[in-house]
Amino acid sequence: AGATPVTVTGGGAALPALIALVAELERRGVPWALTGAVALEAHGLPRETRDVDMYVDDRHRAVLNVFRDAGLGIAHFSDELAAAYPHGNGEDDRIDLIFPRMEPAATMLHRAVRRTLRGVSVPVLPPLALTAIKLMSARAK
């Protein structure tokens, strides 16, 4: 089955930067999926945002080289979080790369569904996974 086409208006300059790298991520076999506000919008639940959040399998941290090679700036915030900044854009226009190590977050990547954003098929975490992530992050605070 093909990816469901959806219109996404959020994500600022970060979404086109990520969309441009999808083919390279797929070529390298990197398990990843959109999460956060852009993922919600891909499921028909719009929420204004300028950044893009993506889950990346913890064993694929070398994915940062894909973003670096494409000219994006990289910042490391913690063991589980890094960000890629499209050149010439503000701090809010960023791609947050989340490397979950704990279950069930790590397994959620295998439940991603395909959506077509701006003509490109991308994996998106399903709504139930997005809800679980929100609950887990609230509990961690």
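The values are calculated or read from the model by the stated rules, or taken from the named source; none is laboratory data. Being a predicted model, the structure only gives us computed values, none of them experimental. Ideal geometry is used to build each Cβ from the backbone, glycine not excepted, and the neighbour counts take in all protein chains shown. Ligands, DNA and RNA are excluded from the accessible area calculation, which covers all protein heavy atoms including side chains. Shrake-Rupley method; radii C 1.70, N 1.55, O 1.52, S 1.80 Å.
Given the structure, is GLY73 among the small types (Gly, Ala, Ser), open to solvent by less than 70 Å² (accessible area, probe 1.4 Å), farther than 26 Å from THR7 by Cβ and out of contact with any Gly (no Cβ under 9 Å at 6 or more places or on another chain)? Answer is yes for this residue. When each of GLY73, GLY88 is tested for being more than 15 Å from the chain's Cα centre (by Cα) and modelled with pLDDT of 90 or more, the lone residue that passes is GLY73. For region 108-138, the candidate set comprises residues that are in contact with a Pro (Cβ under 7 Å, 6 or more places away or on another chain) and of a type in the set (Gly, Ala, Ser); within that set, the residue that is surrounded by the most Cβ atoms within 10 Å (Cβ to Cβ) is ALA112. In region 18-32, the condition of being of a type in the set (Lys, Arg), surrounded by 21 or more Cβ atoms within 10 Å (Cβ to Cβ) and modelled with pLDDT of 85 or more is met by no residue.
Per the listing THR49, THR35, the residue uniquely at pLDDT below 90 and either crowded, with 17+ Cβ neighbours inside 10 Å or among the polar types (S, T, N, Q) (or both) is THR49.
Residues that are among the small types (Gly, Ala, Ser) and under 18 Å from THR131 (Cβ atoms) within region 28-68 comprise ALA33, GLY36, ALA37, ALA39, ALA42, GLY44, listed in sequence order.
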